[in-house]
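The values are calculated or read from the model by the stated rules, or taken from the named source; none is laboratory data. Bear in mind that the values here come from a model prediction, so they are computed numbers and not experimental data. Here Cβ is always computed from backbone atoms with ideal geometry, including for glycine, and neighbour counts include all displayed protein chains.
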Amino acid sequence: MSASTGRARSWAARLHLPTLAALLVVLGAWAVLSWRYGAYVLPSPLAVVAGLGEIVRTGEVWTHTGASLYRILVGFGAAVALALAMGLAAFLSRLARGVVHDALAVLNSTSVFVWIVISIIWFGLSNWAPIFTTLMITLPVVASNIVEGVENVDRRLLEMGDVYRLSGHQKFAAIVVPSTLPYLVAGMKIGFGLALKVSVVAEIFGVTSGIGYIMNYSREILATQMVFVWALVMILVMMLVDKLVFDAVSRRLARWR
Amino acid sequence: MKLLVAGVGKDYLIPVIDSVSFHAEAGEFVCLLGPNGCGKTTLLRIVGGLEPATRGAVLLDDQPVVAGDAHTRRVGVVFQEDRLLPWMTLEQNVALVLRPLGLPAADRRAVARRHLRLAGLAGFEDYHPGRVSGGMRQRAAIARALAIEPDVLLMDEPFGALDAQNRRIMQNEVRRIWQETGRTILFVTHSIEEAVAVGTVLVMLSARPSRVRALIRNDVRAARAALIEDLNTMIMEEVERQQGGASA
């Protein structure tokens, strides 16, 4: 009997039943507050659902999500490539490791807004402004993780490689890369979340597509429900990428554990 | 391969090894004994070329061992921990160390499987280290060391982490493998019973800074009990000296 209640509990947990119950309470409160304060301040849940249906039907959702994802992929992709180069430098030279550490400390302390302003000055009102901002904000996150991974490679395994006369390339491929991969994936997971949040902010300035642009535009034309709709789209994109990409990769990496 | 340790000494902040000399003919099973902290592991690392000696020299078949030098002799090392790569299967772990020998992939697989079978791991080739017991991991590490057909096999308390039963099994296995392959083995242990059970030459080191306290040939079966007794007395004296020295 305890087994059957245990199974019931695990089914309830898998379907997120407690979360769904909490969501119902929040939706109820939302509906009441929306009715009390009016659609301009807080549109009703139904208006948001209707808005989502609308942009899916017109295809507008793909245009703006696509534009945002394109900028994220270019900016974040460049950040990952640069971070890999920094990790490799840190692995190959003690000197480079010190420089990389200091550079990352500076980048980590720089505000998003600094990069937004600078990128508008440098790249004007173009695609490159949000791309550059995304690059500069996600680079330190991904690179810090990779460098930490490189530093945490088990010295005893490297010594084993020396004992058996593995070449530098063989040690790198067999020992360094596999032990750094989990750090890279963790860094990319955090970095991608940050990229989505940051690039959307950067899109408020100067571009005419993307989730950030359309949210700000909806606010200007007093279509508050569309602000909520696009926020929902952003959340869905984030959760989907997390589940479909990062969870799958993490599971694959952990197969030997 | 003939092993000659000639006046080897090592200083860290304090002198750890004063001067140790002994030699072993090809095919000997040499056991290094001594109180904890007397430099047994350090001496083994010097012989393996993992660390330079402060004084003296190690010769393998009259060729000096130079730390960090890419010499051509094959030295297999079994560490206190298994040091297997957790993301590779047991077979891949063994096959990996065959790559520098220039064997084609198919041969690497075959050699790896043969040595895993020799170590009693047939059927476990495709398991990852995390999925097998500690004793099996250490066997895989031994299989890896033997797969390169080493001229000298260095073993640093390889069974320290095993329970008494597995220890006994592994001692017999190593002894059997040694008899079958005729390799020269240098084996560090703190267990006198283990040394007497497996070694042909027992080197008892003194307290730090260490010298050779006694060098004993171990081939007369009848005298074993007395030998264990003698060695126990010796090691207790050395432990007392080392602890007395430390507190003074």
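Here are a few things to note about the model shown:
- Lone qualifier among B:ARG144, B:ARG211, B:ARG167 - being basic (Lys, Arg) and not assigned by TED's automatic domain parsing to the domain that holds B:SER21: B:ARG144
- Looking across the stretch B:1-24, the residues that are under 16 Å from the mean Cα position of the chain (by Cα) and of a type outside the set (A, V, I, L, M) come down to B:LYS2, B:PHE22, B:HIS23.
- Screening the candidates B:VAL152, B:VAL65 for the property of being within 13 Å of another protein chain (Cβ to nearest Cβ) and free of Cβ contacts under 8 Å to residues at least 24 places away in the same chain yields one hit, B:VAL65.
- Scanning the stretch A:164-181 for residues that are buried (at least 17 other Cβ atoms within 10 Å of the Cβ) and assigned to a loop (DSSP other than H, G, I, E, B) gives A:TYR164, A:ARG165, A:LEU166.
- Test: B:GLY120 is assigned to a loop (DSSP other than H, G, I, E, B), more than 14 Å from every other protein chain (Cβ to nearest Cβ), within 26 Å of A:ARG257 (Cα to Cα) and not aliphatic (A, V, I, L, M): yes
- When each of B:ARG131, B:ARG144 is tested for being buried (at least 20 other Cβ atoms within 10 Å of the Cβ), within 12 Å of another protein chain (Cβ to nearest Cβ) and at pLDDT 90 or above, the lone residue that passes is B:ARG144.
- Output for the stretch B:5-55, where each listed residue is in contact with a Leu (Cβ under 6 Å, 6 or more places away or on another chain), on the phi < 0 side of the Ramachandran plot and assigned to a loop (DSSP other than H, G, I, E, B): B:CYS38, B:GLY48
- Under the condition of being assigned to a loop (DSSP other than H, G, I, E, B), surrounded by 15 or more Cβ atoms within 10 Å (Cβ to Cβ) and β-branched (Val, Ile, Thr), the residues counted in the stretch A:39-49 number 0.
- Sole exception among (1) under 23 Å from A:PHE246 (Cβ atoms); (2) more than 24 Å from the chain's Cα centre (by Cα) for A:ASP162, by number: (1)
- Of all residues making up the stretch B:176-197, the number that are within 25 Å of B:VAL58 (Cβ to Cβ) and either of a type outside the set (A, V, I, L, M) or not assigned by TED's automatic domain parsing to the domain that holds B:ILE216 (or both): 10
- Candidates A:GLY168, A:GLY149, filtered to the one that is touching a Phe, Trp or Tyr at 6+ places or on another chain (Cβ under 6 Å) and within 14 Å of chain B (Cβ to nearest Cβ): A:GLY149
- Among (1) in a helix (DSSP H, G or I); (2) free of Cβ contacts under 8 Å to residues at least 40 places away in the same chain; (3) under 26 Å from B:GLU229 (Cα atoms), the one test that B:LEU162 misses: (1)
- From the list B:VAL111, B:VAL132, B:VAL30, B:VAL78, the lone residue that is of a type outside the set (Gly, Ala, Ser), under 30 Å from B:THR233 (Cβ atoms) and outside the structural domain of B:THR189 (by TED's automatic domain parsing) is B:VAL78.
- Any hit, the stretch A:140-151, residues being out of contact with any helix residue (DSSP H, G or I) (no Cβ under 8 Å at 6 or more places or on another chain) and of a type outside the set (Val, Ile, Thr): no
- Annotation for the stretch B:99-114: no member residue is surrounded by 16 or more Cβ atoms within 10 Å (Cβ to Cβ), within 14 Å of chain A (Cβ to nearest Cβ) and in contact with a His (Cβ under 6 Å, 6 or more places away or on another chain).
- Considering (1) of a type outside the set (A, V, I, L, M, F, W, C); (2) in contact (Cβ under 8 Å) with a residue 40 or more places away in the chain; (3) surrounded by fewer than 21 Cβ atoms within 10 Å (Cβ to Cβ); (4) in a loop (DSSP other than H, G, I, E, B), the lone condition that B:ASP219 does not fulfil carries the number (2).
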